[in-house]
Amino acid sequence: MESLDDVIDAMIAERVIHRHRRKWLIAIALVVVLALIVLATGGWKEKTGRTVPTLTAPVTVTSGKWEYNFTKAEIVQHPKKEYSPAEAELLVYFDLKNMDDEEDTSDSLDGRLLRLVPGDGKDLIESNGATCRGQLGWVVVFGLPPVSCVTKFDIPPDFTADVVEIGVLGERFESDQGFLGANEDPYWQQPEADAVVQLKPAIVVDNGEKK
């Protein structure tokens, strides 16, 4: 029969083990979050050490469940008016095809998957998704031919560049592998950097006049 001292020692040991297990789980979760942040940025802020290919448009890129055929870019400038400040936007044009042969489902493009890489250590700029056939968030049907689309990036009014770089991220169809009780069924998740596409933008001045 265990003595009272043995029971107390066992209880203390169990508490210590439980406390350390919780700390290890928290530490593992922090490591995973940090890894995801590194994957999301993909080392694009500095060209040194870039681990994804740098491509020149026109070019076709397959990333995750999407296939892009990048064609051209425009810097659209909206001059200052009496009641509105100067504005500008970068438009990038591409044909978009849904390649989701894992789930065979239709979907719209997530704006986080295309990012402008300003360089000089500046933060990446997310796109607004894809406008196809005049509709933002157009649902691209799996199995149909590519549809012509454009995505927009908000940029400073004085933004200029001979060449713009667009980071392309692709989600991976995988499960959480039961980590911390998470979902074990595979799904599209955890976007990773796949490529950087360079385009030479044309300058378009929009005075707001009807054409």
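The values are calculated or read from the model by the stated rules, or taken from the named source; none is laboratory data. Note that the coordinates shown come from a computational prediction; the quantities given were computed from them, not determined experimentally. With ideal geometry, Cβ positions are generated from the backbone for all residues, glycine too; neighbour counts draw on all protein chains shown. Protein only, heavy atoms only, side chains kept; ligands, DNA and RNA dropped before computing areas. Shrake-Rupley method; radii C 1.70, N 1.55, O 1.52, S 1.80 Å.
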Problem - Environment charge of LEU109, counting only residues whose C-beta is closer than 15 Å and scoring Lys/Arg +1, Asp/Glu -1 - result: -2
Exercise for the section: Note down the net charge around PRO157, summing +1 for each Lys or Arg and -1 for each Asp or Glu among other residues with Cβ under 14 Å from its Cβ. Expected result: -3
Completion exercise
Beyond 23 Å (Cα-Cα) in this structure, taken from LYS97/LYS122; LYS152/LYS200; LYS80/LYS152; LYS122/LYS152; LYS65/LYS152, we find LYS97/LYS122
Exercise for the section: Determine the gain in length on full extension of the stretch ILE203-GLU87; use 0.36 nm per residue of separation and subtract their C-alpha separation, reporting nm with one decimal. Expected result: 40.4 nm
Exercise for the section: Note the full-extension length gain between ARG133 and SER148 as 0.36 nm times their separation in residues minus their Cα-Cα distance, in nm to one decimal. Expected result: 4.7 nm
Problem - segment 95-151, accessible area per residue, ligands and nucleic acids excluded (1.4 Å, Å²) - result: 53
Handout entry: Förster radius 45 Å - calculated FRET efficiency between ASP162 and ASP104, Cβ distance, rounded to 0.05
Key = 0.60
Problem - Fully extended contour minus Cα-Cα distance, from TYR187 to ILE125, at 0.36 nm per residue - result: 19.8 nm
Fill in the blank from the handout: The local net charge around THR71, scoring Lys/Arg +1 and Asp/Glu -1 for residues other than THR71 whose Cβ lies under 13 Å from its Cβ, equals 0
